[in-house]
1. For the range 39-100, what % of the accessible area comes from carbon and sulfur atoms, probe 1.4 Å?
2. Out of the GluC sites (Glu not before Pro) in the range 81-172, which ones are loop residues according to DSSP with at most 16 other C-beta atoms within 10 Å?
3. Find the accessible area per residue for the range 102-217; the probe is 1.4 Å, ligands and nucleic acids are left out, and the unit is Å².
Amino acid sequence: MARLRKRKRGTGRGRGVRWLSHYSSGQSILIVGDGDFSFSLALAAAFGTGRNIVATSLDSYEALSRKYIKAQSNLMRLKRMHATVLHGIDANTMKGHTDLKMRLFDRIVFNFPHAGFSGRECEMHVIRSHRELVRGFFGNARELLQPYGEIHISNKTGHPYDGWDIEQLASETSLAMIDIVSFQKQDYRGYNPKRGSGAKPNKPFPLGDCSTYKFVAKHNDAQEEHACYCHICQDKYVSPYFGYASSLATFGAGNVGHLAY
């Protein structure tokens with residue numbers, strides 16, 4: 001289980017920076033499609049502030065209030081903690097949104113993207129719709145990303161979810177995967193992923209085995225020649241942090257995954 005930790009001077013990006021798992025109060029964080037906003041609230045509560053968080057939903061406030069029992073109370077708490085809350089944010093068009101198009105983020109997070117229930121998850125037309133959602137998200141998120149920022153997608157693993165081929169979709173939008181880590185819901189106190197659509201949108205769904213995939217923007221072709229060894233996956237992958245790792249070490253930036261050099 002991830003623990004909230006407060007970085008000591010000289011070991012983080014700044015004095016008093018608080019971390020929860022991959023995220024810190026020193027990062028600007030965009031959270032996409034947060035359902036009842038319980039993930040955003042988990043981060044804000046851990047940080048003691050939401051000033052660095054932009055939490056979004058595709059649904060309007062009215063729709064959220066109808067769908068999710070805790071949406072109103074979660075949103076009220078987020079706003080009290082000075083988080084920015086935006087509704088009507090489509091993952092496939094968000095780069096042009098008035099409140100986002102002039103901003104860049106250190107972390108852009110989309111947990112368990114889902115295009116809706118139009119059939120069984122193993123049916124090809126359903127898989128294609130999920131892939132189109134993720135592809136569109138990657139293309140938009142890349143335009144809102146700080147240099148050396150990261151895009152995180154958490155998703156179920158195994159059949160049929162491996163058929164989404166998330167890494168290939170990222171590559172099509174000039175993103176490179178730097179890490180895959182196990183996603184543990186209990187790391188984020190109070191987080192409750194919901195179905196979001198259908199007859200019972202407030203009903204939680206079982207996660208089972210799931211992972212967080214981390215991506216960064218490819219900056220030049222030379223990165224493709226710098227293969228690294230992932231000790232978790234037991235395989236080689238390309239690190240787009242090539243040439244950047246020494247900077248991370250110099251500045252003491254922690255929690256950057258299991259990059260191998």
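The values are calculated or read from the model by the stated rules, or taken from the named source; none is laboratory data. Model, not experiment: these values are computed from the prediction. Because the Cβ atoms are built from the backbone with ideal geometry, glycine has one as well, and the counts that use them run over all protein chains shown. Only protein heavy atoms, including side chains, enter the accessible area calculation; ligands, DNA and RNA are left aside. Shrake-Rupley method; radii C 1.70, N 1.55, O 1.52, S 1.80 Å.
1. Roughly 50 percent, rounded to a whole number.
2. When the GluC sites (Glu not before Pro) of the range 81-172 are filtered for loop state and at most 16 Cβ neighbours within 10 Å, Glu121, Glu123, Glu143 remain.
3. Numbers: 5180 Å² over 116 residues.
Value returned for the range 102-217: 45 Å² of accessible area per residue.
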